[in-house]
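This report concerns only the one structure given below.
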Amino acid sequence: MKIAVVGTGYVGLVTGTCFAETGNTVTCVDIDQAKVDKLKSGRITIYEPGLEQLFDRNIKQGRLFFTTSLEEGIKDAKIIFLALPTPPGADGAADLKYVLKVAEDLGPLLKDYAVIVDKSTVPVGTAEKVQKKIALGAKVEFDVVSNPEFLREGVAVDDFMKPDRVVVGTNSPKARKVMEALYAPFVRQGNPIIFMDERSAELTKYAANSFLATKITFMNEIANLCELLGADVDSVRKGVGTDSRIGKRFLFPGIGYGGSCFPKDVQALAKSSEDANYEFKILTAVMDVNETQKTRLIPHIKKYFNGNLKGKTIAIWGLSFKPHTDDIREAPSLYNIDELLKEGAILKVHDPESMDNVKKVVGDKVQYSHTPYEAAQDADAIFIATEWPEFRTPDFDKLSSILKNKVIFDGRNLYDLNFMKEQGYVYYSIGREVIH
Ligand code: NAD
């Protein structure tokens with residue numbers, strides 16, 4: 001099948017590459033000339049485990065193309081995906097300007113029946129708006145389908161190739177058939193394609209992300225309470241997570257959620273609720289708690305240094321909003337960097353994949369280190385913001401010999417408390433005893 005993907009970011013590039021991998025011919029369209037030039041020359045634009053191999057193979061086999069021209073990209077395409085940004089507007093609602101602009105441009109370019117698929121995360125009612133925009137210029141029949149994406153950055157290829165489920169919102173039997181054929185190779189193991197109306201599909205994505213953000217936030221509040229009551233959140237987590245109604249996943253406390261999805265999607269759902277005259281109280285609480293959780297360790301750091309961080313060197317391990325990605329959008333690390341710089345600390349940062357992206361935002365206000373040890377050299381403390389696997393078992397002997405002070409502020413609970421005691425560290429984590 002000939003497919004076009006409009007918007008070649010984290011979702012668009014994974015979507016395009018994975019559809020090419022199952023034999024389709026895919027053209028990815030983006031307005032970012034530099035991005036398209038890089039992709040055209042065979043260089044990948046994001047870090048996502050496993051993606052580069054599929055990307056190289058499908059380019060070599062002539063199934064994956066890139067262009068800045070919408071007209072060229074959608075030529076002969078039976079399915080056109082919109083994987084465009086939907087950032088929060090000033091009022092918190094998802095800004096649909098990118099999606100609606102492309103929809104309007106698409107109308108006059110359609111030459112034959114096509115299914116236009118909203119893959120972006122969009123508020124309820126967007127499929128109807130897209131339909132109307134396309135209809136302004138279209139002279140042929142078309143359908144607009146909602147097909148929200150559930151991939152997680154860091155495991156996006158796996159999530160896309162073997163999704164738990166595929167949600168498709170459409171009332172058109174013709175579009176349904178096309179979507180069934182497209183996704184057949186991805187649901188061979190019996191994982192379902194769940195068909196529903198467009199509005200329900202749109203809401204499903206927000207409900208899923210908001211539920212997950214709530215689950216993390218609930219556990220963060222339990223962790224905060226553990227600190228006050230002298231309980232251990234690791235034990236509580238295990239005790240709670242073994243209940244099959246609750247489940248083990250998404251129960252790890254830390255310095256809050258970030259990324260390009262949870263913060264904006266929770267905010268957008270709260271705004272949609274407000275517009276519908278419904279006060280979705282849990283969402284307001286989730287946003288409030290997460291805001292303070294991100295800098296939860298800062299008061300401990302200040303207290304440890306007697307309120308004076310001026311000239312103290314802090315090594316920051318991990319900058320991306322989660323491991324296995326170079327994405328730093330809404331990363332808790334950035335909030336902590338801001339706070340620590342305000343206090344006059346000197347920051348030496350290290351991340352395996354996202355330092356180039358951080359440089360674009362933070363510039364030379366911090367020092368960039370090639371390894372976690374380079375960052376820790378002569379530092380007064382280590383601050384852990386992201387749970388990259390390579391931080392889990394560092395060489396503690398080496399660390400102890402290069403740190404000025406054996407102090408770790410761990411926003412991701414990487415280390416065993418008894419082990420840290422044995423190693424002679426001062427160790428602060430989330431929802432657990434402080435080791436002095
Ligand atoms: P992104 O910012 O990485 O990519 C969007 C791309 O669209 C950019 O490359 C941009 O240049 C391009 N673009 C903007 N206007 C364009 C236009 N007129 N024509 C062509 N290209 C244009 O965003 P993303 O993370 O891929 O997210 C896209 C959508 O998918 C959002 O709605 C997001 O909420 C949703 N989503 C994201 C994830 C994720 O993990 N990133 C997961 C599920 C859903």
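Numbers below:
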quantity: Summed residue charge, Cβ within 13 Å of PRO323's Cβ, Lys/Arg positive, Asp/Glu negative; calculated: -4
quantity: Interchain or long-range residues, amide H under 5 Å from VAL167's placed H; calculated: ILE194
quantity: Charge sum, other residues only, whose C-beta stays under 11 Å from PRO192's C-beta, Lys/Arg counted +1 and Asp/Glu -1; calculated: 0
quantity: Hz values of 3J(HN,Hα) by residue in region 3-16 - Karplus curve (6.51, -1.76, 1.60), Gly and Pro given as x; calculated: 10, 10, 10, 9, x, 10, x, 4, 7, x, 5, 5, 4, x
quantity: Residues SER272, SER333, sorted so that the one with the fewest Cβ neighbours within 10 Å comes first; calculated: SER272, SER333
quantity: Extension gain, ARG152 back to ASP164 (0.36 nm per residue minus Cα-Cα distance, nm); calculated: 3.1 nm
quantity: Among 120-127, 315-322, the order from most to least packed when residues are scored by Cβ within 10 Å on average; calculated: 315-322, 120-127
quantity: Extension gain (nm, one decimal) between THR371 and LEU228, 0.36 nm per residue minus Cα-Cα; calculated: 47.9 nm
quantity: Helix-only mean residue ellipticity at 222 nm for the chain, each DSSP H run of n ≥ 4 adding -39500 (n - 2.57), per residue, nearest 500; calculated: -13000 deg cm²/dmol
quantity: Where only alpha carbons of region 298-428 are counted, the Rg and the Dmax (Å); calculated: 13.5, 40
quantity: Packing-based exposure ordering (other Cβ within 10 Å, fewest first) of ARG237, ARG245, ARG165; calculated: ARG245, ARG165, ARG237
quantity: For region 387-436 versus region 2-43, the gap between their alpha-carbon centres in whole angstrom; calculated: 42 Å
quantity: Two-site label geometry, ASN405 and LYS303: point separation in nm, points 7 Å out along Cα→Cβ; calculated: 1.4 nm
quantity: Region 3-115 - Rg over Rh from alpha carbon coordinates, Kirkwood radius; calculated: 0.98
quantity: Gain in span if fully extended, LYS139 to THR284, counting 0.36 nm per residue against the direct Cα distance; calculated: 47.7 nm
quantity: Over the chain, relative contact order from alpha-carbon pairs under 8 Å, at least 6 apart, %; calculated: 12 percent
quantity: Paramagnetic label zone (point 7 Å from Cα along Cα-to-C-beta, GLU274; backbone N under 17 Å) in region 94-132; calculated: 94-96, 123-124
quantity: ILE316 long-range amide H proximity, modeled H, under 5 Å; calculated: LYS348, VAL349, HIS350, PHE383
quantity: Approximate spin-label separation LYS177-THR68, in nm, with each point projected 7 Å along Cα-to-Cβ; calculated: 4.0 nm
quantity: Amide proton proximity set for GLY50, modelled H, under 5 Å, gap of 5+; calculated: none
quantity: Size of the chain as Cα extents on the principal axes (Å, biggest first); calculated: 71, 48, 42
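We did not get these values from a lab; they are worked out from the coordinates using the rules stated. Since we're looking at a predicted model, the values are computed, not measured. Neighbour counts are summed over all protein chains in view; Cβ atoms, including those assigned to glycine, are modelled from backbone coordinates with ideal geometry.
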